[in-house]
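Q: Sharing a structure below in structure tokens format, with a few things to ask.
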Amino acid sequence: MSSRVRSIVAAAVAAVTSLALRGASSAGPTSGATAGEQCDAVPVYDGGHVTERVCRDELAARDLTRLDLSAAWTPLALAAEGDADAPRYRDTYLALADERYADAGDDRTPAERDRYLESYGILPSLRVIHARLDDDDRHRCHDAVDDAALVARTDALHEESRDAARRRRDRARDLRDDLAWELRHRGLADLDALAAVDGYFRKRVARSRAADAYLDAVTAVQRHLACDGLLDDRGVDGLYTWRTATPVAAFQARNALIPTGTVDDDTRAVLLEDARASDLRAALRVLRERVVTATGLIEDGSAGAGPDLVLGYRLEPARCGQVRGHESLPDAAPDRIAEATAAAARALGWVDPAAVRAFLDDPPAEVAVRLPALPGYHAALAVAVEIDRGDVWYDPSPRTRAVARRPALVVYAVDGDRRVPLVRWPTTIGGWQDERLRGGDVEPRWKESPAGAFVWRQLYVAPAWLPPPSTPDDDFVRSLGGGDYELKRDVLGPGYRSAYGLAMLIHERVTTGRDGEVTYEDDGVRTHGSGNLASIFDGASHGCHRLLPAQALRLAGFLLQHLPHQRIGEVEVSYRRVVHHHGRFVATVEDRGYRIDFDQPIEVEVLPGTIRSRRKAPPR
């Protein structure tokens, strides 16, 4: 069916549906309205159909949950609340979500470079999801790719230098030509016959097939990238250089993977699945966050055995919801988010790509669905946080280690004497990092994440990073290739690529004086989102506890949904630093971010972890 015919049919169906609904409305009053009354009615969905319309103020009494499906939705931290203005970054978020990068202000340049932003906490709008599902040419392109070599490959594909990649290709060609000559010279039918001659040729044939299989696997990856418009046809050359690794990272970000540029198992699985299924998984992730905002849920199964599937789909890599070296916590909350998301998807009829595509042809701005009941502790929620530092090495060498037990952040619901683990997410602690000394020299220094009792009192939304004087100049500058360099403006923020991500919580120590006066001391440590996603699984920070961007935003929204707070608003700041590295650059920040204060401090306990090094105290 052509797109024009499909549009005509969709319009006709919409018109008939509209008439049917108006007819149903004229047959009787909207549920909850008495004669002569008008109400703000919301369509109730079940099994993919509108079953009734219920007045908005009666939804709760009917055990119905309203979901915001509008183009104006943002995570709760970026939304307006009461009389308080929304954070300035809200408009930028909406532009990025809708892939209107020209309207994204300072984030335009990094967004155009990254292409897709879901891994960085920017969920695509439903319009974008619909456009993906509606792109039949792209789907057919993916269908036509020969994936045999990619299916057979079991190890990762990594970026190589251009010279190394060309040598690999040339060796494969030379070996192939040599074996072809042997076949002709010996009058043999095929490589199997040549391999049967003796052990020497058996090894040569195996080596040739392995070399060709590698090139074929890379070529398959490149063809998929070309289908998504991330690589032109000239780039389909079998060479895994930065010209392939960069679009692979964009493909990963599009599919909520960790954008490393390496084709690992998770990336290969998405490349091999039907592109329509990938688009459905993206739609379910978008729906999931609408459900999270509507319900105040945070329980994602990560404190227990790990996140559940949603309609048979895993929505992100398993390691996003599991921390290396940690077993399930006792009494951990189940994955209530997956359960609620699946219930919402079934109610809306989002059970396959075609159904979601049809729904999004003309989606309502809001719907009501019946979701599983919330746990009792949600009624009057008290929250406590625990950060386990995991395995700690204070020794300066080696800088990189295989850590058996990684740092983890756990959020608890305090229900009387009972503590219910709601989530356990991967995070970071400090380590050895380069630091600029007063004289200008740069040397490695230990960056401690101190153990002990802290509190969170302040949340910053879309925060800026104000680098301390000890930050080396080269941390501010990136190479553009060809001898050109630029200031890393996006890392300063505010923005999705900020060193602090889109949400930051300040760690403070509490001191009670002899007179009973309580004081709070900023310890210089934060819990925050991060644009450096890979470090959250295998790296170290400068002392802060990094979170995946989506998890940082979800945590912020959860705290705002359940704990009393005051929206203070944008905080002005005057930061300026002149950087000398491959030129002269001036770094300035005028907006520290949007500040929100909690009425009561949130208790945070940072556990010491297990000291694995010979040195048992942090270096000074």
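Q: Can you tell which of R243, R234 is modelled with pLDDT under 95, closer than 30 Å to D136 by Cβ and not polar (S, T, N, Q)?
A: R234
Q: Restricting to region 275-324, name every residue that is in contact with a Ser or Thr (Cβ under 7 Å, 6 or more places away or on another chain) and more than 23 Å from V263 (Cα to Cα).
A: Across region 275-324, the qualifying residues are L284, L287, R288, V291, A294, T295, G304, A305, V310.
Q: Please go through (1) surrounded by fewer than 15 Cβ atoms within 10 Å (Cβ to Cβ); (2) farther than 27 Å from A402 by Cα for P463 and return the number of the only condition it doesn't satisfy.
A: P463 satisfies every listed condition except (1).
Q: Let me ask something else about it. If you go through region 405-416 one residue at a time, do you hit one that is surrounded by fewer than 18 Cβ atoms within 10 Å (Cβ to Cβ), of a type in the set (K, R) and in contact (Cβ under 8 Å) with a residue 24 or more places away in the chain? Step through it out loud before you land on a result.
A: Within region 405-416, the subset surrounded by fewer than 18 Cβ atoms within 10 Å (Cβ to Cβ) is 405, 414-416.
Imposing the further condition that a residue be of a type in the set (K, R) reduces the set to 405.
Keeping just the survivors that are in contact (Cβ under 8 Å) with a residue 24 or more places away in the chain gives 405.
Among the residues of region 405-416, at least one is surrounded by fewer than 18 Cβ atoms within 10 Å (Cβ to Cβ), of a type in the set (K, R) and in contact (Cβ under 8 Å) with a residue 24 or more places away in the chain, which makes the answer yes.
Q: If you don't mind, there's one more thing I want to ask. Does region 101-110 hold any residues that are touching a residue at least 60 places away in the same chain (Cβ under 8 Å) and buried (at least 20 other Cβ atoms within 10 Å of the Cβ), and which are they?
A: Scanning region 101-110 gives D107, P110.
Q: Before we move on, is P330 part of a loop (DSSP other than H, G, I, E, B), at pLDDT 95 or above and closer than 21 Å to D68 by Cα?
A: Judged against the criteria, P330 is not a match.
Q: Given the structure, is L183 buried (at least 18 other Cβ atoms within 10 Å of the Cβ) and either polar (S, T, N, Q) or not in a loop (DSSP other than H, G, I, E, B) (or both)?
A: In short, no.
Q: Now, a different point. Can you name the residue in region 199-220 that is more than 20 Å from V151 (Cβ to Cβ) and of a type in the set (A, V, I, L, M, F, W, C) and, of all such residues, is surrounded by the fewest Cβ atoms within 10 Å (Cβ to Cβ)?
A: Ranking the qualifying residues of region 199-220, first place goes to F201.
Q: Also: Look through L505, L555 and report the one residue that is closer than 20 Å to E81 by Cβ, more than 17 Å from the chain's Cα centre (by Cα) and either part of a strand (DSSP E or B) or of a type in the set (A, V, I, L, M) (or both).
A: From the options L505, L555, the qualifying one is L505.
Q: Something else about it: Scanning for something in contact with a Cys (Cβ under 7 Å, 6 or more places away or on another chain) and either over 14 Å from T427 (Cβ atoms) or surrounded by 15 or more Cβ atoms within 10 Å (Cβ to Cβ) (or both), does region 585-594 turn up at least one residue?
A: no
Q: Okay, next question. Considering only region 76-116, how many residues are closer than 22 Å to F251 by Cα and assigned to a loop (DSSP other than H, G, I, E, B)?
A: Counting residues in region 76-116 that are closer than 22 Å to F251 by Cα and assigned to a loop (DSSP other than H, G, I, E, B) gives 6.
Matching residues to (1) crowded, with 17+ Cβ neighbours inside 10 Å; (2) in contact (Cβ under 8 Å) with a residue 24 or more places away in the chain; (3) touching a Cys at 6+ places or on another chain (Cβ under 8 Å); (4) β-branched (V, I, T):
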position: A41; (1), (2), (3), (4): yes, no, yes, no
position: D46; (1), (2), (3), (4): no, yes, no, no
position: E52; (1), (2), (3), (4): yes, no, no, no
position: A72; (1), (2), (3), (4): no, no, no, no
position: L78; (1), (2), (3), (4): yes, yes, no, no
position: Y93; (1), (2), (3), (4): yes, yes, no, no
position: E99; (1), (2), (3), (4): yes, yes, no, no
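Q: Separate question: Which residue pairs have Cβ atoms closer than 6 Å, lie 6 or more positions apart in sequence or on different chains, and pair a first residue in region 189-216 that is closer than 18 Å to D237 by Cα with a second residue that is loosely packed, with under 12 Cβ neighbours inside 10 Å and modelled with pLDDT under 95?
A: none
Q: Take the residues of region 595-617 that are in a loop (DSSP other than H, G, I, E, B) and surrounded by 15 or more Cβ atoms within 10 Å (Cβ to Cβ): which is farthest from the chain's Cα centre (by Cα)?
A: The qualifying residue farthest from the chain's Cα centre (by Cα) is R612.
Q: Would a scan of region 585-593 turn up a residue that is of a type outside the set (V, I, T) and more than 24 Å from Y120 (Cβ to Cβ)?
A: no
Q: Kindly provide the set of residues from region 234-282 that are under 14 Å from the mean Cα position of the chain (by Cα) and small (G, A, S), ordered by number.
A: A249, A250, A253, A256, A282
Q: Here is a further query. Would you confirm, using the coordinates I've provided, whether A152 is loosely packed, with under 12 Cβ neighbours inside 10 Å, at pLDDT 95 or above and in contact with a helix residue (DSSP H, G or I) (Cβ under 7 Å, 6 or more places away or on another chain)?
A: yes
Q: Looking at (1) of a type in the set (D, E, K, R); (2) over 30 Å from R457 (Cβ atoms); (3) without any contact (Cβ under 8 Å) to a residue 60 or more places away in the chain, which is the only condition D352 fails?
A: D352 satisfies all of (1) of a type in the set (D, E, K, R); (2) over 30 Å from R457 (Cβ atoms); (3) without any contact (Cβ under 8 Å) to a residue 60 or more places away in the chain except (3).
Q: Report the residue count in region 117-127 for those that are surrounded by 19 or more Cβ atoms within 10 Å (Cβ to Cβ) and either touching a strand residue (DSSP E or B) at 6+ places or on another chain (Cβ under 9 Å) or in a helix (DSSP H, G or I) (or both).
A: Of the residues in that region, 5 qualify.
Q: Can we say L348 is over 30 Å from A402 (Cβ atoms), in contact with a Leu (Cβ under 9 Å, 6 or more places away or on another chain) and modelled with pLDDT of 95 or more?
A: When the stated conditions are applied, L348 passes them.
Q: Say we look at region 504-523 and pick out the residues that are modelled with pLDDT of 95 or more and surrounded by 15 or more Cβ atoms within 10 Å (Cβ to Cβ); which of these is nearest to P494 (Cα to Cα)?
A: So the residue we want is M504.
Q: Being in a strand (DSSP E or B), among the basic types (K, R) and more than 23 Å from N532 (Cβ to Cβ) is the requirement here; does R419 meet it? If you could, list the steps in order and put the result at the bottom.
A: Values: in a strand (DSSP E or B): yes; among the basic types (K, R): yes; more than 23 Å from N532 (Cβ to Cβ): yes.
In short, yes.
Q: Please go through (1) at pLDDT 90 or above; (2) of a type in the set (A, V, I, L, M); (3) assigned to a loop (DSSP other than H, G, I, E, B); (4) within 27 Å of L563 (Cβ to Cβ) for A380 and return the number of the only condition it doesn't satisfy.
A: (1)
Q: Does region 337-357 contain any residue that is more than 30 Å from W432 (Cβ to Cβ), of a type outside the set (A, V, I, L, M, F, W, C) and loosely packed, with under 15 Cβ neighbours inside 10 Å?
A: The answer is yes, given that some residue of region 337-357 is more than 30 Å from W432 (Cβ to Cβ), of a type outside the set (A, V, I, L, M, F, W, C) and loosely packed, with under 15 Cβ neighbours inside 10 Å.
Q: In region 144-188, how many residues are more than 15 Å from A211 (Cα to Cα), touching a residue at least 24 places away in the same chain (Cβ under 8 Å) and over 47 Å from the mean Cα position of the chain (by Cα)?
A: Final tally of qualifying residues: 0.
Q: Given the options D266, D237, name the one that is of a type in the set (D, E) and over 26 Å from D170 (Cα atoms). Before you say what the answer is, go through the steps one by one.
A: Values: D237 fails: over 26 Å from D170 (Cα atoms).
Of D266, D237, the one residue that is of a type in the set (D, E) and over 26 Å from D170 (Cα atoms) is D266.
Q: Go over the candidates V197, V221 one by one and state the one that is within 34 Å of the chain's Cα centre (by Cα) and among the hydrophobic types (A, V, I, L, M, F, W, C).
A: Values: V197 fails: within 34 Å of the chain's Cα centre (by Cα).
Every option except V221 fails the conditions.
Q: Can V291 be described as more than 21 Å from S161 (Cα to Cα), part of a helix (DSSP H, G or I) and of a type outside the set (D, E)?
A: Taking the combined requirement at face value, the residue satisfies it.
Q: When residues of region 414-443 are filtered for being among the acidic types (D, E) and at pLDDT below 85, how many remain?
A: Residues meeting the conditions: 1.
Q: Evaluate region 359-375: report whether one residue or more is crowded, with 21+ Cβ neighbours inside 10 Å, assigned to a loop (DSSP other than H, G, I, E, B) and touching a strand residue (DSSP E or B) at 6+ places or on another chain (Cβ under 7 Å).
A: Taking every residue of region 359-375 in turn, at least one turns out to be crowded, with 21+ Cβ neighbours inside 10 Å, assigned to a loop (DSSP other than H, G, I, E, B) and touching a strand residue (DSSP E or B) at 6+ places or on another chain (Cβ under 7 Å).
The values are calculated or read from the model by the stated rules, or taken from the named source; none is laboratory data. Note that the coordinates shown come from a computational prediction; the quantities given were computed from them, not determined experimentally. Reconstructed Cβ throughout: ideal geometry from the backbone, glycine too, with neighbour counts over all protein chains shown.
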